[in-house]
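Asks: Sharing a structure with you now.
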Amino acid sequence: MEFKEKLISSHLAFEEDFNLNDSVHQVRAAALKVFEEKGFPSKKEEAWKYTSLDALLQKDYALYPRSENSIHVNDVKKYFLYDTDTYKVIFIDGVYSPFLSNTTHDGLDVCLMSAALSKPKYKELINTYFNKIAPEDDSLTALNTSYAKEGAYIYIPKSVVAEKPIEIIHFSSGNENALWLQPRNLIVVDQNAHVQIIERHQSLKEHPVVTNCVTEIYVHQDAFLDYYKLQNDLLSASLIDNTYIVQEQKSHASVHTFSLGGKLTRNNLRFFP
């Protein structure tokens, strides 16, 4: 079975965890149809004419880790922001690690995308922001949307200055034969709010892993966002990162990307007024 067909057929099992009539899941279903029609991008497309995914797609990737993998804090603390207290949302092979994380709802929300997509108290914000700027015709973004479940959800309310930086860290443990990950992040910085975010992708052992990541960011009027991306994967790991940012007038949004390793690393960054 080709990997595209595996992704489409596996979606039936993925759907079992959701209410199929929910508006968010209807967005997932529509996105799957886009991916089913378009498939993976090829060098025939202008945006991909210098990048081929053919070699990556030869492997039979697992879509979920076979078992919950744990990491000892002493083995990874060197990857945390040094000597600085931070909020942390940490994933190991795509699975949230509560032991390593430090989330909050005290004056701001730093938590899980799965909670935001499923809990009624977040419904208004999700309806306002989720999948509103991610382009519907991009096949890899559509694939991510069709499986959107886990990632980081960050909301900084009006005039709130986040007292600590926020770290979003994706570790791949190397305990899987081959793994395909699809984190989805949503970040909203409301009017006159300030926040600093550090996102890291870090593989710990050599093994085939592909991360197809989508992040939607909204920076409202007079808000301030300072975003750092640290991509330090080993040569067996690949990352396709799609970041979409809406920036309102008089706001400040800066993105600093450091790609230090990886088999294939592709960053697609788009700003919208």
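The values are calculated or read from the model by the stated rules, or taken from the named source; none is laboratory data. From a predicted model like this one, the values you see are computed outputs, not experimental measurements. Quick reminder, even Gly has a Cβ in these numbers, built from the backbone with ideal geometry, and neighbours come from all protein chains shown.
Asks: Of all residues being surrounded by 17 or more Cβ atoms within 10 Å (Cβ to Cβ) and within 19 Å of the chain's Cα centre (by Cα) in region 105-120, which is farthest from residue 68 (Cα to Cα)? Just the residue, please. Don't jump to the end; show me each part of the working.
Replies: Filtering region 105-120 down to residues surrounded by 17 or more Cβ atoms within 10 Å (Cβ to Cβ) leaves 108-113, 116-118.
After this cut, where a residue has to be within 19 Å of the chain's Cα centre (by Cα) as well, the list is 109-113, 116-118.
On the way: 109: 26, 110: 23, 111: 20, 112: 17, 113: 19, 116: 22, 117: 22, 118: 22 Å.
Only one residue tops the list, namely 109.
Asks: Could you please give the count of residues in region 1-32 that are charged (D, E, K, R) and either modelled with pLDDT of 95 or more or within 23 Å of residue 55 (Cβ to Cβ) (or both)? Please lay out each step first, then the result.
Replies: We begin by selecting, within region 1-32, every residue charged (D, E, K, R); these are 2, 4-6, 15-17, 22, 28.
Now drop any that are not either modelled with pLDDT of 95 or more or within 23 Å of residue 55 (Cβ to Cβ) (or both), which leaves 2, 4-6, 28.
Here the count works out to 5.
Asks: Of the residues that sit in region 177-188 and are surrounded by 19 or more Cβ atoms within 10 Å (Cβ to Cβ) and not hydrophobic (A, V, I, L, M, F, W, C), which one is farthest from residue 116 (Cα to Cα)?
Replies: Going through region 177-188, the residues surrounded by 19 or more Cβ atoms within 10 Å (Cβ to Cβ) turn out to be 179-188.
Among the residues that remain, those that are also not hydrophobic (A, V, I, L, M, F, W, C) are: 182-185.
Working: 182: 17, 183: 14, 184: 11, 185: 11 Å.
Result: 182.
Asks: I'd like to check which helices (runs of 4 or more DSSP H) are fully inside region 33-147 and have at least 1 residues that are at pLDDT 95 or above and acidic (Asp, Glu). Reasoning before the result, please.
Replies: Working: elements: 73-76, 113-118, 123-129, 139-146.
Per the criteria, 123-129.
Asks: Taking region 17-57, which residues are surrounded by fewer than 11 Cβ atoms within 10 Å (Cβ to Cβ), farther than 25 Å from residue 132 by Cα and not aromatic (Phe, Trp, Tyr)?
Replies: Of everything in region 17-57, those that are surrounded by fewer than 11 Cβ atoms within 10 Å (Cβ to Cβ), farther than 25 Å from residue 132 by Cα and not aromatic (Phe, Trp, Tyr) turn out to be 44, 54, 55.
Asks: Continuing with the same structure: Under 30 Å from residue 29 (Cα atoms), touching a His at 6+ places or on another chain (Cβ under 8 Å) and among the hydrophobic types (A, V, I, L, M, F, W, C) - does that describe any residue in region 101-121?
Replies: yes
Asks: Are there any pairs with C-beta distances below 7 angstrom linking a residue in region 12-34 that is among the β-branched types (Val, Ile, Thr) to a residue that is not in a loop (DSSP other than H, G, I, E, B), with the two at least 6 apart or on different chains, and if so which?
Replies: 24/117; 24/126; 27/145; 34/139; 34/142
Asks: Is there any pair linking a residue in region 234-246 that is within 25 Å of residue 130 (Cα to Cα) to one that is surrounded by 20 or more Cβ atoms within 10 Å (Cβ to Cβ) and of a type in the set (D, E, K, R), with Cβ under 6 Å and at least six apart or on different chains, and which?
Replies: 244/216
Asks: Would you please list the contacts, defined by Cβ atoms under 9 Å and residues six or more apart or on different chains, that run from a residue in region 112-136 that is in contact (Cβ under 8 Å) with a residue 40 or more places away in the chain to a residue that is surrounded by fewer than 14 Cβ atoms within 10 Å (Cβ to Cβ) and not charged (D, E, K, R)?
Replies: What qualifies is 126/23; 127/23; 133/272.
Asks: Quick check on my filter: what residues within region 18-50 are closer than 21 Å to residue 2 by Cα and polar (S, T, N, Q)?
Replies: Once the filter is applied, which keeps residues that are closer than 21 Å to residue 2 by Cα and polar (S, T, N, Q), region 18-50 yields only 42.
Asks: Please go through region 48-71 and pick out each residue that is without any contact (Cβ under 8 Å) to a residue 60 or more places away in the chain and either touching a Gly at 6+ places or on another chain (Cβ under 9 Å) or on the phi > 0 side of the Ramachandran plot (or both).
Replies: The answer is 64, and nothing else.
Asks: Just to verify a result, which residue in region 189-209, among those that are crowded, with 23+ Cβ neighbours inside 10 Å and within 15 Å of the chain's Cα centre (by Cα), is modelled with the lowest pLDDT? First the steps, then the outcome.
Replies: To start, the set of residues in region 189-209 that are crowded, with 23+ Cβ neighbours inside 10 Å comprises 189, 193, 195, 197, 199, 201, 203, 209.
Keeping just the survivors that are within 15 Å of the chain's Cα centre (by Cα) gives 197, 199, 201, 209.
Details: 197: 98, 199: 98, 201: 97, 209: 94.
Once the filter is applied, the top-ranked residue is 209.
Asks: How do the pairs read when you match residues in region 161-184 that are in contact (Cβ under 8 Å) with a residue 60 or more places away in the chain with residues anywhere that are in a loop (DSSP other than H, G, I, E, B) and among the basic types (Lys, Arg), using Cβ under 7 Å and keeping only pairs 6 or more apart or on different chains?
Replies: Short answer, once both residue conditions are applied: 173/205; 176/66; 178/59.
Asks: Then there's this: Name every residue in region 152-162 that is in a loop (DSSP other than H, G, I, E, B) and either among the hydrophobic types (A, V, I, L, M, F, W, C) or closer than 23 Å to residue 9 by Cα (or both), in order of residue number. Let's see the steps before the verdict.
Replies: Pass one, region 152-162, residues in a loop (DSSP other than H, G, I, E, B): 157-160, 162.
If the condition is that a residue be in a loop (DSSP other than H, G, I, E, B) and either among the hydrophobic types (A, V, I, L, M, F, W, C) or closer than 23 Å to residue 9 by Cα (or both), then 160, 162 are the ones that fit.
Asks: Can you name the residue in region 210-230 that is more than 17 Å from residue 169 (Cα to Cα) and of a type outside the set (A, V, I, L, M) and, of all such residues, is surrounded by the most Cβ atoms within 10 Å (Cβ to Cβ)?
Replies: Residue satisfying both the conditions and the ranking: 218.
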